[in-house]
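What follows is a single structure, written as structure tokens, with notes after it.
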Amino acid sequence: MAAVEPLGLARASRAVAERADPNVELARQFLYYMSLMREVEDRLERKLYRQGKIAGGVYSGRGQEAICVGAGLVTEPDDMVFPSHRDLGLYFIRGVHPRQVFAQYMGRVGGLTRGKDGNMHMGDLRLKIVAIISSIGASVPVAAGAALAIKYKGTREAAFVFFGDGATSRGDWHEGVNLAAVQRLPLVLICNNNQYAYSTPLDKQMACANVADRGPAYGIPAEIVDGNDVFAVYEATRRAAEHARAGLGPYLIECKTFRMSGHSAHDPGDYVPKHLWEEWAHRDPIKRLKQRMMENGWAGQAELDQTQARILQEVDAAVKWAENSPFPEASALLENVYEPPAPAGEN
Amino acid sequence: MPTTFVEAIRQGIWEEMERDPNVFVIGEDIGVYGGAFKLTAGMLDHFGERRVIDTPLSEAAIVGAAIGASLMGLRPVAEMQFSDFIACAFDQVVNFAAKCRYRWGAPVPMVIRGPSGGGVHGGPFHSQNPEAWFVHTPGLKVVAPATAYDAKGLIKSAIRDNDPVLFFEHKALYRRIKEEIPAGDYTVPLGKARVFRPGKDLSIVTYGAMVYVALEAAETLEKEGLSAEIIDLRTLLPLDEETVLGSVQKTSRVILLHEDTLTGGIGGEIAARIAERAFQYLDAPVVRIAAPDAPVPYSPPLEEAFLPNAAKVLEKARWLCRC
């Protein structure tokens with residue numbers, strides 16, 4: 001029906017549909033951030049890394065974009081977020097520019113850590129993004145502490161912490177979840193269960209069937225969602241956020257997905273059975289989102305193409321900017337180990 | 001009325017909690033029970049559950065939560081029931097807290113404090129001196145007071161500091177040390193040693209409970225006509241090199257004394273700095289006195305043999321002054 005309508009009318013009817021259906025605007029945002037994440041990571045992993053322009057490793061969230069984007073769009077500016085290393089989209093949602101990410105990977109001063117750290121180890125306190133450390137899972141008790149501070153101040157924010165299946169084997173994870181549960185802290189726990197921790201498959205990671213099974217052990221609600229369905233992730237995160245903001249304590253969401261890459265750019269992932277790549281390629285979250293948008297008449301091919309063209313343009317410019325960002329001076333080496341001493345006479 | 005070491009720390013934290021609503025305490029058994037050493041006694045009644053937080057038995061979560069709260073602008077004071085247990089939170093301390101400012105400019109103003117040291121037959125897990133683990137971690141500050149006056153002034157400075165501070169309280173001093181201290185607010189700066197006892201013939205550089213071992217030795221040496229200067233480091237990181245080197249320059253003979261075990265202890269670091277920067281002032285080799293490289297044993301005769309004491313200091317001091 002829409003296809004035969006003159007363009008102006010189609011636009012008008014879409015405007016009506018949007019007023020009626022908030023999913024339209026939401027879907028556009030999902031698509032933008034998920035596609036931006038995919039493009040930035042592809043550029044990092046498949047181009048800049050191979051060109052030798054990345055000082056260290058590249059960790060991508062290919063195939064898992066629905067998780068950080070779906071959950072990220074639930075977060076509010078005053079919420080505290082703790083992304084993990086496959087949650088790049090969350091940075092963009094919070095206001096980090098792709099050029100800062102390229103500069104970060106290239107070890108340039110334009111990166112969020114000004115060359116002090118690399119890859120996804122980046123945060124910005126003004127944007128309320130806390131940087132991960134390499135010992136995955138360590139962010140969970142820290143996020144519990146942020147949630148504790150929220151409760152302490154009596155405000156309505158929540159802390160959102162992201163982690164993988166592997167992180168749930170670490171003691172810090174359990175200590176953090178337990179403390180948050182006992183103290184009923186406003187903490188939303190989002191697990192990207194992509195079934196591999198580096199080369200370790202899930203059945204060697206844990207003996208229970210689901211990460212969500214760990215929730216009841218701490219007396220907190222837990223649910224499983226299709227991690228490749230961005231709407232499902234978004235809705236689950238909304239439920240979790242509502243629960244946390246209401247003072248009911250932490251809430252665990254397990255997003256089932258698959259890591260469509262090796263652990264990092266140097267790892268071809270050849271320990272993964274081939275049929276799994278093929279099966280999960282069919283469930284690609286971006287492809288699914290586009291399909292849904294088209295089927296529901298929320299967007300036409302032209303609009304999808306436009307979004308992609310805009311992203312390519314942004315990413316091209318961001319790469320250029322990052323390549324022009326200088327390397328840090330060696331004199332920066334000792335800066336910020338400690339707070340600089342206060343001028344004499346002050347305490 | 002004289003104030004005990006433990007009471008001085010309690011007062012310091014209490015006053016900071018009165019002064020700054022962002023300061024709170026968190027740890028195991030610190031609320032209802034008032035802490036294993038009663039250092040937080042009365043705080044729950046006065047400040048309430050919001051600011052005196054009893055946690056599960058989870059050192060990594062205690063430190064992690066303190067980091068998270070400090071990133072939110074609060075100033076947590078986290079208790080390790082025994083400093084030995086900080087090993088459970090090692091990653092949070094050395095990888096998370098110590099590196100936030102350097103990596104991404106996020107200050108982590110927090111204090112981790114707890115009882116350390118031996119002499120109370122606590123055995124291998126209730127007697128250790130873990131300071132050197134952290135002195136080796138850039139981004140942390142490490143404090144180990146010896147007097148009630150310093151303990152109060154330093155805990156206040158530690159709470160007001162904008163970097164993570166580890167505060168080791170020698171448990172044998174808690175109720176043994178009593179002194180008159182000023183009522184109300186004062187601070188002692190971090191990173192500054194002090195001349196605990198002036199002297200001219202040799203320097204004993206030490207900290208914590210060993211200050212009193214040094215003092216006992218110095219009093220005997222005095223009778224033998226030898227004047228020992230005692231430097232109380234007070235802060236181990238950053239190290240007050242100036243005060244140490246100044247004393248070496250003055251006496252030309254130095255003993256580095258600590259209860260922590262020898263290898264990798266801070267004495268080695270200080271010896272190296274003296275060799276690098278004050279070699280020309282030395283009239284004799286630098287001497288280290290420390291616990292031997294063994295776990296802290298439980299049985300009294302074993303522990304006595306383990307701990308440095310005045311006799312061991314005297315023996316080395318006499319030898320040194322004959323050199």
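None of the figures in this text is laboratory data; all of them are computed from the coordinates on show. Keep in mind that this is a model prediction, so the values were computed, not measured. Every residue, glycine as well, gets a Cβ built from its backbone with ideal geometry; the counts of neighbours run over all protein chains shown.
Before moving on, here are some points about what is shown:
- Residue within segment B:182-193 that is buried (at least 24 other Cβ atoms within 10 Å of the Cβ), closer than 30 Å to residue B:245 by Cα and not β-branched (Val, Ile, Thr) present: no
- You will find that of B:48, B:64, B:35, the residue that is under 20 Å from residue B:167 (Cβ atoms) and within 12 Å of another protein chain (Cβ to nearest Cβ) is B:64 and no other.
- When residues of segment B:78-101 are limited to those that are touching a residue at least 24 places away in the same chain (Cβ under 8 Å), of a type in the set (S, T, N, Q) and out of contact with any strand residue (DSSP E or B) (no Cβ under 6 Å at 6 or more places or on another chain), the one surrounded by the most Cβ atoms within 10 Å (Cβ to Cβ): B:92
- Checking residue A:326 against (1) in a helix (DSSP H, G or I); (2) away from chain B (no Cβ under 14 Å); (3) farther than 25 Å from residue A:21 by Cα, the condition it does not meet: (1)
- Residue, surrounded by the fewest Cβ atoms within 10 Å (Cβ to Cβ), within segment A:120-149, restricted to residues that are at the interface with chain B (Cβ under 7 Å from one of its Cβ atoms) and of a type in the set (Val, Ile, Thr): A:133
- Of the residues making up segment B:30-49, those that are free of Cβ contacts under 8 Å to residues at least 24 places away in the same chain and crowded, with 18+ Cβ neighbours inside 10 Å are B:31, B:34, B:44.
- Among the candidates A:161, A:188, residue that is away from chain B (no Cβ under 11 Å) and either in a strand (DSSP E or B) or in contact with a Phe, Trp or Tyr (Cβ under 6 Å, 6 or more places away or on another chain) (or both): A:188
- Scanning segment B:134-144 for residues that are under 19 Å from residue A:339 (Cβ atoms), of a type in the set (A, V, I, L, M, F, W, C) and either outside any loop (DSSP other than H, G, I, E, B) or away from every other protein chain (no Cβ under 14 Å) (or both) yields B:134, B:135, B:142, B:143.
- When segment B:145-189 is filtered for residues that are of a type in the set (Asp, Glu) and within 14 Å of chain A (Cβ to nearest Cβ), the ones remaining, listed by number, are B:161, B:163, B:185.
- Set B:131, B:59: member being in contact with a Phe, Trp or Tyr (Cβ under 6 Å, 6 or more places away or on another chain), surrounded by 24 or more Cβ atoms within 10 Å (Cβ to Cβ), within 14 Å of another protein chain (Cβ to nearest Cβ) and in contact (Cβ under 8 Å) with a residue 24 or more places away in the chain: B:59
- Enumeration of residues in segment A:93-117 that are among the β-branched types (Val, Ile, Thr) and touching a residue at least 40 places away in the same chain (Cβ under 8 Å): A:93, A:101, A:109
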